[in-house]
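Below is one structure; the comments refer to it alone.
The values are calculated or read from the model by the stated rules, or taken from the named source; none is laboratory data. From a predicted model like this one, the values you see are computed outputs, not experimental measurements. Quick reminder, even Gly has a Cβ in these numbers, built from the backbone with ideal geometry, and neighbours come from all protein chains shown. Keep in mind that these areas ignore ligands, DNA and RNA; they rest on the heavy atoms of the full protein, side chains included. Shrake-Rupley method; radii C 1.70, N 1.55, O 1.52, S 1.80 Å.
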Amino acid sequence: MAAFVGRVWLRMLKCPCPPSSAGVELSVNNQAADFTLSTGLSPAISLSCLVHNSSQAEELLWYRGDGQVDLKDGNKVNISNICISPVNESDNGVTFTCRLARDKAVQVSVTLDVQFPPHLSGEETLHVEEEKDVTLTCNSKSNPQGQSTWLKDSQSLTLQQSRHKLYQTSEIFQLSISKVQKSDNGTYTCLVESRLGNGTRDFHLIVEDKKPVFPKEAVIAAVVVVTITILFGIVARIDKFLKVWKALIS
């Protein structure tokens, strides 16, 4: 038994356990816990990750969402910095995470709250036949979300419950008009207002004359009559031609 214990003790001396990460902490921009960083559209912002309470050199990893960020060799040990340049709308809601390489459970995350004024888009000119339905779709991006309104010819649009419907999400603002009339012709403006500014998008609605509709059955019947008439005409001509031919050869 004593010999067995001695061999185990000797093996432990030869193969020391890796140092524990207990007590090692990270901070990002002096924040030791996950946090949200509010910013506007800017040329660049930097994030700095620092190791605390470690007696050895520690390698750091950065992630953007689930993807790992490529770091230069001199930017990985004990302190690591990344730069987001430029900061734009697509960075809103994205999470950046700094992790300890040998123990990825040790980490700090920062979520970007990128604030920007309304940016609108959508089809500018729509042609619709009279008495058809049409939907104007205004694509709107803003943070914080703005208040949306529809105007017609620069005036507040009076909504008719039987003909107008509004639909809105965080990024879509729609106006649907059923059975459009000539009086619906005009310029519709999607107006989105926020504390960071306003955005507008004009939609030109052109109501065209209703196209005449021919009954399908009547058209088919007319085609059949014309076809039969042509066939009878051909047959009649053939009979006359045969009679003339017989008279010539007799």
- For Val128, what is the net charge nearby, where nearby means another residue's Cβ is under 13 Å from its Cβ and Lys, Arg count +1, Asp, Glu -1? -3
- Item | Accessible solvent surface per residue of segment 46-108, calculated while the other protein chains remain in place, 1.4 angstrom probe, Å² | 55
- Item | Formal net charge of residues neighbouring Phe116 (Cβ-Cβ distance under 15 Å; K, R +1; D, E -1) | -3
- Whole-Hz ³J(HN,Hα) from phi, Karplus 6.51 cos²θ - 1.76 cosθ + 1.60, for segment 176-190, glycine and proline x: 10, 10, 9, 6, 4, 10, 4, 5, 7, 3, x, 9, 9, 10, 8
- Per residue, the convex hull enclosing the Cα atoms of segment 121-167 spans a volume in Å³ of 112
- Sorted by mean Cβ packing within 10 Å, highest first, what order do the peptides 183-189, 167-173 take? 183-189, 167-173
- Task: With the full set of protein chains in place, find how many percent of the accessible area of segment 25-121 is carbon and sulfur; take the probe as 1.4 Å.
- Result: 46
- Item | Average accessible surface area per residue within segment 111-185, 1.4 Å rolling probe, Å² | 59
- Query: For segment 106-120, in order, what is each residue's ³J(HN,Hα) by Karplus, 6.51 cos²θ - 1.76 cosθ + 1.60 with θ = phi - 60°, in whole Hz (x at glycine and Pro)?
  - Reply: 8, 7, 9, 10, 10, 9, 7, 10, 8, 9, 8, x, x, 10, 10
- Query: Using a simple charge model, +1 on the beta-carbon of Lys and Arg, -1 on the beta-carbon of Asp and Glu, nothing else, what dipole does segment 43-138 show about its Cα centre, in debye to the nearest 20?
  - Reply: 1000
- Query: So how do 43-55, 149-161 stack up, highest first, on mean other-Cβ count within 10 Å?
  - Reply: 43-55, 149-161
- Message: Counting C-alpha atoms alone, how compact is segment 78-138: give Rg to one decimal and Dmax as a whole number, in angstrom.
- Response: 22.0, 70
- Message: Explain nothing, just compute: Karplus ³J(HN,Hα) = 6.51 cos²θ - 1.76 cosθ + 1.60, θ = phi - 60°, for every residue of segment 28-35 in order, whole Hz, x for Gly and Pro.
- Response: 10, 6, 6, 10, 8, 10, 4, 8
- Item | Convex hull per residue volume in Å³, alpha carbons only, for segment 41-81 | 95
